[in-house]
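Visitor: Sending over a structure as structure tokens; questions will come in a sec.
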Amino acid sequence: MQRLSADTALLHLGWPAPLDANGYLHDDGEVTLVDTGLRYPRRSLREELADAGYSPADVDRVLLTHYDLDHTGGLDYADLDAPVYLGRLDADLVAGRWDPPLAHPKGWVHRVARELFPLPEGVDLRIVDDGDRIGGFTAHHTPGHNPGHTAYVHEDGVGFVGDLLWETDGELELPFWGDSYDRRRMRESVRDLVARAEPFDAIYMGHGIPFTSGGASRLRDFAARLT
């Protein structure tokens, strides 16, 4: 666990890179967990929560940026009694209402994953659409990596962007093509987030070292370089 600010903690819910996975705990009077990491991380979600001074019972809601096993796996063992929010098209993917293309390497991975590792039975799943308000967060549909990928921007100037963006060597980048359905749409999603979202100073991504300041200018500059 790493404290990023008075109200936000970074939870290390994977293994050392390249198997790292970031989750975040944000406390604005309501405790929000953003992504839950791998099923079997080096340190469990319970341990990381405890290091931040919380228990699973303290979590008021879980925001999932998308359905990938390094973002949803922790739901299986954390005993979270809280509603879980997920973008509509990723909820369709998990439920089998949308079949990903087998021609893409991620398509067959998702078809297998949803059979072997669905969301836990009985989870209070709530569908998220673009523009929804969830407490102090606004949901922004940012497809490309996944069809229902969603970024959550908090009114206090923090953007939780999941796998819309990664950090490598101090720079923003897009996830590689084999792990994303449509990189063209990802580029559009980055530009759209810059255009529509309230500017946020902190960028908290699913992989890499989060930026606690200067996020708005970094994101604008990165979006301008995309072709």
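Visitor: Convert each backbone phi in the range 44-57 into a coupling constant with the Karplus relation 6.51 cos²θ - 1.76 cosθ + 1.60 (shift: θ = phi - 60°), then list the ³J(HN,Hα) values in order as whole Hz, x for Gly and Pro.
Guide: After applying 6.51 cos²θ - 1.76 cosθ + 1.60, I find 6, 4, 4, 5, 5, 4, 4, 5, 7, x, 10, 10, x, 5 Hz.
Visitor: Let me ask you something else. Of (i) 18.7, 71; (ii) 16.0, 45; (iii) 17.9, 54, which is the value of Rg and Dmax of the Cα atoms in Å derived from the coordinates here?
Guide: Correct label is (ii).
Visitor: Same structure, new question: Hey, can you grab everything whose amide H is under 5 Å from the amide H of LEU125? Only 5+ residues off in sequence or another chain; H modelled, so Pro and N-termini drop out.
Guide: VAL84
Visitor: How do 173-183, 117-127, 36-46, 84-94 rank on mean C-beta neighbours within 10 Å, highest first?
Guide: Result, highest mean Cβ count within 10 Å first: 84-94, 36-46, 173-183, 117-127.
Visitor: Another question, if that's okay. Which percent of the accessible area of the range 46-114 is formed by carbon and sulfur heavy atoms (probe 1.4 angstrom)? It would help to have the intermediate numbers written out before the result.
Guide: Values: 1480 of 2910 Å².
Carbon plus sulfur share of accessible area: 51 percent.
Visitor: Taking all pairs of different Cα atoms in the range 145-215, averaging 1/r and flipping that mean, what Kirkwood radius in angstroms comes out?
Guide: Details: mean 1/r = 0.0815 Å⁻¹.
Every distinct Cα pair counted, the radius reaches 12.3 Å.
The values are calculated or read from the model by the stated rules, or taken from the named source; none is laboratory data. This one's a predicted model, so the numbers in the text were calculated from it and none came from an experiment. Positions of Cβ are backbone-derived with ideal geometry, glycine not excepted, and every protein chain shown enters the neighbour counts. In case anyone asks, the SASA skips ligands and DNA or RNA and just uses the protein heavy atoms, side chains included. Shrake-Rupley method; radii C 1.70, N 1.55, O 1.52, S 1.80 Å.
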